[in-house]
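First up is the structure itself, then whatever we jot down about it.
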Amino acid sequence: MTKKQDNINRVSKMLAHALTLGTEEACWQLAAVAHVRLKPADRARAICSFYWSLDADQRGFFLDTVAKQGAGQPMPPLLSAMDQAAFWTDGASEDEKKAYCLATYNAMSEENRCAFRSYVWEGIAA
C-alpha cells in the first residue's frame, strides 16, 4: 500500500466516524485529519463531490452556512498544540484570531509574556 492510499484509508475511517457520531467535534476531528493526510487538491475534490451531491436549495443553504461560519473555539489538540493552532487559524475570522490571541496572552505568566514579546520583536527585527 502506498503512503497516499494509507492516508486515504485513514481519512475514510475518520469520515465514517464523523458521520456515525454526527457531532460537530467529530467533524472538526475529520477536518484536522484530512488537513494532515490529504493534499489541498484532494480535499477540494472531496468537497466538490459532496457539494454536487446536493440539490440547488441545499447548495444555497450550504454556501450561506459556510459564508457565516467562523472557526469557533479551538478544539483539543489532535497532533501537537502548534499544529492544531495553525489548523484552527486557517478557518478563523480576524475577530476570532484577535480575541483568542489577546485572551491567551493575558492568561500567560509574566515570564511567558516577556518570552513571547522577545520572540515577536526578534521576528520583526529580522
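For the reader, a short list of remarks on this structure follows.
- Flag for THR65 being part of a helix (DSSP H, G or I), under 18 Å from GLU24 (Cβ atoms) and at pLDDT below 85: yes
- Members of segment 68-88 that are at pLDDT below 70 and either under 21 Å from PHE116 (Cα atoms) or of a type in the set (A, V, I, L, M) (or both): ALA71, PRO74, MET75, PRO77, LEU78, LEU79
- Just one of (1) surrounded by 14 or more Cβ atoms within 10 Å (Cβ to Cβ); (2) out of contact with any Gly (no Cβ under 9 Å at 6 or more places or on another chain) fails for THR20. It is (1).
- Condition broken by ALA18, with the remaining ones in (1) of a type in the set (Gly, Ala, Ser); (2) within 26 Å of GLU94 (Cα to Cα); (3) within 16 Å of the chain's Cα centre (by Cα) satisfied: (2)
- Filter result (touching a helix residue (DSSP H, G or I) at 6+ places or on another chain (Cβ under 9 Å) and hydroxyl-bearing (Ser, Thr, Tyr)) within segment 84-103: THR89, TYR100
- Here GLY91 meets the list (1) surrounded by 12 or more Cβ atoms within 10 Å (Cβ to Cβ); (2) small (Gly, Ala, Ser); (3) modelled with pLDDT of 90 or more almost entirely, failing just condition (3).
- On the stretch given as segment 21-36, residues that are more than 15 Å from the chain's Cα centre (by Cα) and not polar (S, T, N, Q) total 2.
- Scan of segment 30-53 for residues that are outside any helix (DSSP H, G or I) and surrounded by fewer than 13 Cβ atoms within 10 Å (Cβ to Cβ), ordered by number: LYS39, SER53
The values are calculated or read from the model by the stated rules, or taken from the named source; none is laboratory data. Everything quoted here is computed from the prediction, not taken from an experiment. Glycine also receives a Cβ, built like all others from the backbone with ideal geometry; neighbour counts cover every protein chain displayed.
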